[in-house]
Amino acid sequence: MNETSEKKYSLEIFPKEIEELKNTIKTASTKIMEEYIERMRKTWPDRPEEMQYFDEIAKFWGTREKEIVEAREEGKKVIGYTCMFAPIELILAAGAIPVRVSSGLYDPVKLGNRVVPVEVCPVVRSTIGVKMVGLSPYLELSDALITSLTCDGMTKLSEILSDYKPVWTLCPPRLKDSEQSISFWKEELKAVKEKIEKLTGTKITSSKLKSAIERLHRATRAFRRLQDLRKGNPVIMGRDAMLVNQTLMWDDVERWTQKTEKLCDELERRAQGKVWACPLKTPRVMIAGTPIIWPDNWKLPNLVEEANPQGVIVADELCSGDRFLYDPVGVDEWTMEDMFNAVADRYLLPSTCPCFTSEDGNEDRVNWIKARVEERRVDGVVYHVYRGCMLYAMEYMRIKKVLDKINVPVYYLDTDYTREDVGQIKTRVEAFLEMLKSRVEF
Amino acid sequence: MLLEIISELLKLTIFAGLALAGILAILIWKKNLTTKVTYLRTFVQVVAMIAFFYIFSYTTWLLLILVVIFAISIVLGRFFCGWLCPFGLYLDLVAVIRKTLNTRYWSLPEKLNRSLHILRYLLLVFFIVLPFMLGPIEAWQWSLAKFLMGPFKPISVLLGPVEPLIIPWESPLKLYGLSFSYPYASIITFYSGENFALINTFIFMALTLASSFVVRRFWCRFCPTGASLAIVNRFRVFKWIPFLRLSKVEEKCTKCGICKRVCPVQVTDVYEQKGGDITTSMCMLCLRCVEMCPYEDCLKLSMAGKTLFKSRNWLEPSKIT
Ligand code: SF4
Ligand code: SF4
Ligand code: SF4
């Protein structure tokens, strides 16, 4: 959008105030990132060296930012996305850099509150705040944004962001399993594909798309390898695995793949040598619910893995975690059309986002959770919800009933983008872990 | 005579050897797990086709062959269609040509696909039951009865798809001393009379090849032989008979839709059914869905309770160093 076009939502802030706010939040957040990485090291004293790479990428204002700036100067385009419905294959095929821009920073929420009421989901408020002061390098560097109209918050967020950047919306149908839905979804993707081609000036040919799909296959392979390593006795702490998963959101896909494979090699060696990341009787926890985004959102994972008694996160059901790259694109015949259909299917059909509904009550999500609980031998589930996140909150009872049936305790944790409730949550999480521990030992 | 047989034998052996070497080369070159079963299947199909040639040259007792095929189908269901039928192989090869030309197939609307499947049974009834019903009534007077018991007698119709390309008997189409044929060609020849036999066969060939060029395994969607093999899978009462079963674990299926998209005969049950036994009469057990399903142990082929082959994370083998 150009400067002269009318701003629909955003407020004018004095440049000086912007600069000040940006600097204070940046300093505070940098410190927090470093502190959290330090705390992860402390919990897991023999944390593999391979993790250092991910620590480096995890620092927002650092190596990766510089790389993207340089790539941009060479003429590469950056395409941001708010949600995992964005077709990364298409972005990569056009030679652009995909970055996820939904925010996990706490402080900008206060700024977002000036634009939207506090009842709104904090991810949305924080992303608005981040944009107001130009805080996130990835959001700032994006040439365009792909937003998904999943929940109410995301829908309006895409309008608000369109004050600043070209925004391309993707509207996932609320029902997945009908012919109309699938053809509608394909049309949506086709439109986005054309926009990507226009922005980058690159035609997405079948050989380019094939190579992008194969690159992501390799990434998915590494991703799943890491998640599969969490099936057995704990060789990696949950937070570290989550950090690896998250860095993929803005890292270079191929390098990330290599580094993750390396990490997995090391973890496999450890598993063979029976070197575990924590005692074997540590309760195995799964986090379900609203996405947890680096860095400030590490609140809950921190609490679980630093608690007394300690827990270890062996699985999650977050679109920013285990689900992010779990499903590969399954191409039958490598023609343009079939590849495109395969990409479209991959983003819509296996998604377990609660924005979908079906006759059987979003059975896909239930099945995903049940499968993870079984394969990762989960002792208890923390159902994590932000205030204002309707869809996840409303589906809690559905999930709880299922988990009750298979006798897996679940604990509902609602929180916000704030540090004030840490103490209070801590007691509750510890009580839950205490209970799990007694069950494990029993 | 003897010399001829030997020369044919030699030709076939060379052909089979070349095919085998080619497939092995592809297998080694392509370490991709998602096509392994497909290659194996093609290999088995080629071997089966050659076997049919030999069977035809040793016995003219077609009924025996048919009985054997039925016996196989009772134990294995429509495994025959996916792995042994020569006509199926030709149709698959047409698809290979289409793929190399980078053309995408058309999908039939689901309803049409299902009605074609019903048509298959109607054809079967038409060819098998009608002659027996008409026969006793009016003996050989009825021209329809004559027609059905004559060239279109059930045995030849049902054995139509297994006619190999090179046949040990006389045919209108000869090249370099070899007799060529095509599925159903002997029936068509029988029926068409001298002058039109070749033309009719060519028309039939053109139609079947063209239709399967645009729609995967088009003929197989209404083939009456397929129906006779499918019957044991069709009705619940017979469910206990075929030992080969396809099953799905509900929790492991993410409904990713891959199985539905890759199925050459557009079976939707694998995708839509919740879990448990998902063998259907439309499915020809080609296992494409099982090899493409990306989740461990989600889809499974089992025989008499033993797992023969199951889906797995096919991203696994491509180790990058
Ligand atoms: S359906 Fe008919 S032509 Fe197709 S594989 Fe089966 S028997 Fe052969
Ligand atoms: S391919 Fe596998 S996981 Fe995907 S829908 Fe089919 S059975 Fe389910
Ligand atoms: S359902 Fe699977 S095994 Fe059956 S025909 Fe289709 S792809 Fe082949």
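The values are calculated or read from the model by the stated rules, or taken from the named source; none is laboratory data. On a predicted model such as this, the values are computed, not experimentally measured, just so you know. Cβ coordinates were reconstructed from backbone atoms using ideal geometry, including for glycine residues, and neighbour counts include every protein chain displayed. Protein only, heavy atoms only, side chains kept; ligands, DNA and RNA dropped before computing areas. Shrake-Rupley method; radii C 1.70, N 1.55, O 1.52, S 1.80 Å.
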How big a patch of accessible area, both sides summed and in Å² to the nearest 100, lies buried between A and B at a 1.4 Å probe? 3000 Å²
Based on the Cβ-Cβ distance from B:SER211 to A:SER211, what FRET efficiency comes out when R0 is 41 Å, to the nearest 0.05? 0.75
For peptide B:307-315, how many partner chain Cβ atoms fall within 10 Å of a residue's Cβ, on average? 2
Using a 1.4 angstrom probe and counting only protein chains, how large is the accessible area of B:LYS260 in Å², to 10? 50 Å²
Report in % the part of the accessible area of the range B:243-319 that belongs to carbon and sulfur, leaving out ligands and nucleic acids; probe 1.4 Å. 58 percent
What average count of beta carbons from other chains do you get within 10 Å of the Cβ of residues in A:169-180? 1
With each pseudo-label sitting 7 Å past Cα toward Cβ, what's the A:GLU194-B:VAL44 distance in nm, one decimal? 4.6 nm
Compare the peptides A:97-107, A:195-205, B:41-51 by average per-residue count of other Cβ atoms within 10 angstrom and give them in order, highest first. A:97-107, B:41-51, A:195-205
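Quick one: work out the % antiparallel among DSSP beta bridges in the protein assembly as shown, nearest 5.
35 percent
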Rounded Å value of the spacing that divides the Cα centres of the range B:68-110 and the range A:1-80: 54 Å
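Quick one: accessible area per residue over the protein assembly as shown, 1.4 Å probe, rounded to a whole number of Å²?
So the protein assembly as shown comes to 43 Å² accessible per residue, rounded to a whole number.
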Here the membrane-span-like helices of chain A, with no claim about any membrane, defined by DSSP H, Cα axial extent at least 30 Å and mean Kyte-Doolittle at least -1.0, are A:179-200, A:206-229
Step through the table entries A:LYS231/B:LYS255; A:LYS405/B:LYS36; A:LYS281/B:LYS300; A:LYS16/A:LYS426; A:LYS437/B:LYS274; B:LYS36/B:LYS99, compare each Cα-Cα distance with 28 Å, and write down the pairs that go over it. A:LYS405/B:LYS36; A:LYS281/B:LYS300; A:LYS16/A:LYS426; A:LYS437/B:LYS274
Could you tally the net charge around A:LEU413, taking each other residue with its Cβ under 12 Å from the Cβ of A:LEU413, Lys/Arg +1 and Asp/Glu -1? +1
Per the C-alpha gyration tensor (a ≥ b ≥ c, the square roots of its eigenvalues), the protein assembly as shown is rounded if a/c is under 1.5, else prolate if a/b beats b/c, else oblate; here it's prolate
Prolate/oblate/rounded label for the range A:1-125 (Cα gyration tensor, a/c 1.5): oblate
For A:ALA315, what is the net charge nearby, where nearby means another residue's Cβ is under 12 Å from its Cβ and Lys, Arg count +1, Asp, Glu -1? +1
Return the average number of partner chain Cβ atoms within 10 angstrom of each residue Cβ along peptide B:245-256. 6
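Based on the alpha-carbon gyration tensor of the range A:60-185 and its eigenvalue square roots a ≥ b ≥ c, which shape applies: rounded if a/c is under 1.5, prolate if not and a/b is larger than b/c, or oblate?
Oblate.
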Could you work out what % of the accessible surface of the range A:15-441 is carbon and sulfur, using a 1.4 angstrom probe and leaving DNA, RNA and ligands out of the count? 52 percent
I'd like the antiparallel share, as a percent to the nearest 5, of DSSP beta bridges with both residues in chain A. 0 percent
Given H placed on each backbone N at 1.01 Å, which residues far from A:TRP168 in sequence or on other chains put an amide H within less than 5 Å of it? A:LEU145, A:ILE146, A:THR147
Most to least packed among A:311-319, A:296-304, B:117-125, A:45-53 [average Cβ atoms within 10 Å]: A:311-319, A:296-304, B:117-125, A:45-53
How much accessible surface area, in Å² rounded to 10, belongs to the heavy atoms of A:GLU214 with a 1.4 Å probe? 70 Å²
How many nm separate the modelled label positions at B:TYR176 and A:THR357, each set 7 Å beyond the Cα in the direction of the Cβ? 6.7 nm
